[in-house]
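In what follows, a structure is listed as structure tokens, so that the remarks can point back to it.
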Amino acid sequence: MFLLRALIAAAITTILYHIPVRDLRQLLKFTTGIIDGAAVISNLDSTYESHDKFPPKKTPEHFDFVIVGASPSGSVLANRLSEINGWKILLLEAGGDPTGLAEVPLVVATLYPTTYNWGTHAEPQPGFCSGCLDKGARYGHGKGLGGGSIINFMIFVRGNEGDYNKWEEMGNPGWGYRDLLPYFRKLEDASNVTLKDSEYRGRGGPLGVSDVPFRTKLTDVYINAAQQAGFSYVDYNGKQQIGVSHMQTTLRNGMRSNAENSYLRPIRQRTNLKIRTGAYVTKILIRPDTKEAYGVEYKKSGKMYTVVAKKEVILSAGGLNSPKILMLSGVGPKSHLEEIGKMLVGFVFSSLEYSFSIREKLQK
Ligand SMILES: Cc1cc2nc3c(=O)[nH]c(=O)nc-3n(C[C@H](O)[C@H](O)[C@H](O)COP(=O)(O)OP(=O)(O)OC[C@H]3O[C@@H](n4cnc5c(N)ncnc54)[C@H](O)[C@@H]3O)c2cc1C
């Protein structure tokens, strides 16, 4: 397989060298085609599926936990739950293995128009995005092991203490900043952050966090100006979050740290964890009497499969796709579900009310 890849890479380089590129848009289209093609090739022998005998001999398969979406949250859960030997975990991800480009800062921008991004466009709305070609915003969200963390901008900010405390006050015990701090410390390896508030920061965790190694003179001018205006120079992931600072990023030794290389890659050989890529979940199965989720339906290589979760189904498919999967399963805004009700079987009405309007470029 290595030889095949090397040959393909050599062929691509030769073609690229000989093609006359007339404009940038053409170059972008061409690069996108190459990356998408390489993604197909690299997923032919996904190292994640080496100990997963797929398709299963008997269906439905049974697992203790079924996790939908290898997002940052799904990846952490797959890692932590599979620490318990006696539990069997299945992680289903619609995308594939991330390409090596996902670990190269800046170059990662070439992944936005590719298969590693769901490519969702927002509907045009009055007053927004007037400068965009189709008057609608592009809503990037990552597709592949690691979710958004394989294409994101690496800015490492924990969020403000007051927000977490407000969530707790709203009736969510355990979500206050003091409760979360041990986990924030545990997840990071901030050894390469120069100014750090040690009481608040972690070392040796899976996610690499570093100062940006390259700083322009303009940044220093900006920081100096802010300090002269009275702002202190702070570790904004520490006790004092208001001030001025250089950026902290999810980098380790100059490479991008993401959920896949931090949480999944180191444990992919665990035999109690199956990680299935190209597995598109279409529905959560819910018992009509108890309203409990007991499994999911998903599509892989053109075929539908059912899997049963003995303990829990965990939905971690991101801010757009999680509610979408819930609605496809009959959970969502009652009026909307009633409107399209004829298409749905086994309704679970809920009073959940929210609205959004999107158009997906890539319908699967
Ligand atoms: C371009 C960009 C830049 C960003 N920059 C930053 C930044 O600098 N700093 C920062 O902190 N955050 C940044 N973010 C945000 C950050 O990446 C997200 O907040 C984070 O990834 C969200 O995680 P999530 O757990 O909600 O799910 P997601 O990351 O959205 O992951 C969802 C996963 O579920 C999978 N999935 C979806 N539907 C299905 C289905 N039906 N079946 C199976 N699998 C499915 C998806 O393919 C994906 O892998 C950025 C995001 C983007 C897109």
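The values are calculated or read from the model by the stated rules, or taken from the named source; none is laboratory data. The structure presented is a predicted model; accordingly, all values stated were derived computationally and were not measured. Positions of Cβ are backbone-derived with ideal geometry, glycine not excepted, and every protein chain shown enters the neighbour counts.
Can you go through VAL281, VAL234, VAL212 and tell me which one is closer than 28 Å to ALA102 by Cα and surrounded by fewer than 17 Cβ atoms within 10 Å (Cβ to Cβ)? Spell out how you get there, then give the answer.
Numbers: VAL281 fails: surrounded by fewer than 17 Cβ atoms within 10 Å (Cβ to Cβ); VAL234 fails: closer than 28 Å to ALA102 by Cα.
Going through VAL281, VAL234, VAL212 in turn, the sole match is VAL212.
Which residues, taken from segment 269-285, are within 12 Å of the ligand (Cβ to nearest atom) and either assigned to a loop (DSSP other than H, G, I, E, B) or not small (Gly, Ala, Ser) (or both)? Talk me through it step by step, then tell me what you get.
If we filter segment 269-285 for residues that are within 12 Å of the ligand (Cβ to nearest atom), which is where we start, we get 275-284.
The answer is ILE275, ARG276, THR277, GLY278, TYR280, VAL281, THR282, LYS283, ILE284.
Which of the strands (runs of 3 or more DSSP E) contained wholly in segment 49-139 include at least 3 residues that are crowded, with 22+ Cβ neighbours inside 10 Å and among the aliphatic types (A, V, I, L, M)?
Values: elements: 61-68, 89-92, 120-122.
Answer list for segment 49-139: 61-68, 89-92.
Within the bounds of segment 112-129, is there any residue that is within 28 Å of PRO266 (Cα to Cα) and at pLDDT below 90?
At the first step, the residues of segment 112-129 found to be within 28 Å of PRO266 (Cα to Cα) are 112, 114-118.
Filter once more, so that each one left must be at pLDDT below 90: 112.
So far as segment 112-129 goes, yes, one or more of its residues are within 28 Å of PRO266 (Cα to Cα) and at pLDDT below 90.
Identify the single condition in (1) more than 16 Å from the ligand (Cβ to nearest atom); (2) in contact with an Asp or Glu (Cβ under 9 Å, 6 or more places away or on another chain) that LYS186 does not satisfy, given that it satisfies every other one.
Only one criterion is unmet by LYS186, namely (2).
Inspect segment 217-230 for any residue being buried (at least 16 other Cβ atoms within 10 Å of the Cβ), away from the ligand (no atom under 16 Å from the Cβ) and not hydrophobic (A, V, I, L, M, F, W, C) and give the result as yes or no.
Checked against the condition, which is being buried (at least 16 other Cβ atoms within 10 Å of the Cβ), away from the ligand (no atom under 16 Å from the Cβ) and not hydrophobic (A, V, I, L, M, F, W, C), segment 217-230 yields no hits at all.
Step by step: first the residues of segment 237-278, then only those that are within 27 Å of SER198 (Cα to Cα) and of a type in the set (Val, Ile, Thr), then the one that is surrounded by the fewest Cβ atoms within 10 Å (Cβ to Cβ). Which residue is that?
ILE242
Could you tell me which numbered condition SER198 fails, if it satisfies all but one of (1) closer than 25 Å to ASN258 by Cα; (2) of a type in the set (Gly, Ala, Ser); (3) surrounded by fewer than 17 Cβ atoms within 10 Å (Cβ to Cβ); (4) in contact with a helix residue (DSSP H, G or I) (Cβ under 8 Å, 6 or more places away or on another chain)?
(4)
Identify, please: which residue in segment 84-100 is within 14 Å of the ligand (Cβ to nearest atom) and aliphatic (A, V, I, L, M) and is, among those, farthest from THR250 (Cα to Cα)?
Looking at residues that are within 14 Å of the ligand (Cβ to nearest atom) and aliphatic (A, V, I, L, M), I get LEU90.
Go through segment 37-71 and report how many residues are hydrophobic (A, V, I, L, M, F, W, C) and without any contact (Cβ under 8 Å) to a residue 60 or more places away in the chain. Before the answer, list the steps.
Quick first cut of segment 37-71, residues hydrophobic (A, V, I, L, M, F, W, C) only: 38-41, 44, 54, 63, 65-68, 70.
Now restrict to residues that are without any contact (Cβ under 8 Å) to a residue 60 or more places away in the chain: 40-41, 44.
Qualifying residue count, segment 37-71: 3.
GLU161 versus (1) of a type in the set (Asp, Glu); (2) more than 19 Å from VAL76 (Cα to Cα); (3) free of Cβ contacts under 8 Å to residues at least 24 places away in the same chain: which is the lone unmet condition?
Unmet for GLU161, out of (1) of a type in the set (Asp, Glu); (2) more than 19 Å from VAL76 (Cα to Cα); (3) free of Cβ contacts under 8 Å to residues at least 24 places away in the same chain: (3).
Select from segment 286-333 the residues that are among the β-branched types (Val, Ile, Thr) and in a strand (DSSP E or B) and write down the one among them that is nearest to the ligand (Cβ to nearest atom).
Of the residues in segment 286-333, the ones among the β-branched types (Val, Ile, Thr) are 286, 290, 296, 306-308, 313-314, 325, 331.
The next check asks that each one be in a strand (DSSP E or B); those that pass are 286, 296, 306-308, 313-314.
On the way: ILE286: 16, VAL296: 9, THR306: 14, VAL307: 12, VAL308: 17, VAL313: 12, ILE314: 11 Å.
Going through the qualifying residues, I end up with VAL296.
Determine, yes or no, whether SER130 is under 17 Å from GLU260 (Cβ atoms) and either within 16 Å of the ligand (Cβ to nearest atom) or of a type in the set (Ser, Thr, Tyr) (or both). Walk me through how you get there before you give the answer.
Numbers: under 17 Å from GLU260 (Cβ atoms): no; either within 16 Å of the ligand (Cβ to nearest atom) or of a type in the set (Ser, Thr, Tyr) (or both): yes.
No: the conditions fail for SER130.
Quick check on this structure: which one of SER198, SER191 is at pLDDT below 95 and not in a loop (DSSP other than H, G, I, E, B)?
SER191
Please specify each residue of segment 146-171 satisfying the condition of being within 30 Å of LEU106 (Cα to Cα) and either β-branched (Val, Ile, Thr) or more than 8 Å from the ligand (Cβ to nearest atom) (or both). First the steps, then the outcome.
Of segment 146-171, the ones within 30 Å of LEU106 (Cα to Cα) are 146-160.
Once the filter is applied, which keeps residues that are within 30 Å of LEU106 (Cα to Cα) and either β-branched (Val, Ile, Thr) or more than 8 Å from the ligand (Cβ to nearest atom) (or both), segment 146-171 yields ILE150, ILE151, ILE155, VAL157, ARG158, GLY159, ASN160.
Restrict the check to segment 270-287 and report whether at least one residue is of a type outside the set (S, T, N, Q) and out of contact with any strand residue (DSSP E or B) (no Cβ under 9 Å at 6 or more places or on another chain).
Initially, segment 270-287 is screened for residues of a type outside the set (S, T, N, Q), giving 270, 273-276, 278-281, 283-287.
Still in the list and also out of contact with any strand residue (DSSP E or B) (no Cβ under 9 Å at 6 or more places or on another chain): none.
The answer is no, given that none of the residues of segment 270-287 is of a type outside the set (S, T, N, Q) and out of contact with any strand residue (DSSP E or B) (no Cβ under 9 Å at 6 or more places or on another chain).
Looking only at segment 40-50, decide whether some residue is within 12 Å of GLY146 (Cα to Cα) and either modelled with pLDDT of 95 or more or more than 16 Å from the ligand (Cβ to nearest atom) (or both). Walk me through it before giving the result.
Within segment 40-50, the subset within 12 Å of GLY146 (Cα to Cα) is none.
No: segment 40-50 contains no residue that is within 12 Å of GLY146 (Cα to Cα) and either modelled with pLDDT of 95 or more or more than 16 Å from the ligand (Cβ to nearest atom) (or both).
SER262 fails exactly one of the following numbered conditions: (1) more than 12 Å from the ligand (Cβ to nearest atom); (2) out of contact with any Pro (no Cβ under 6 Å at 6 or more places or on another chain). What is the number of that condition?
(2)
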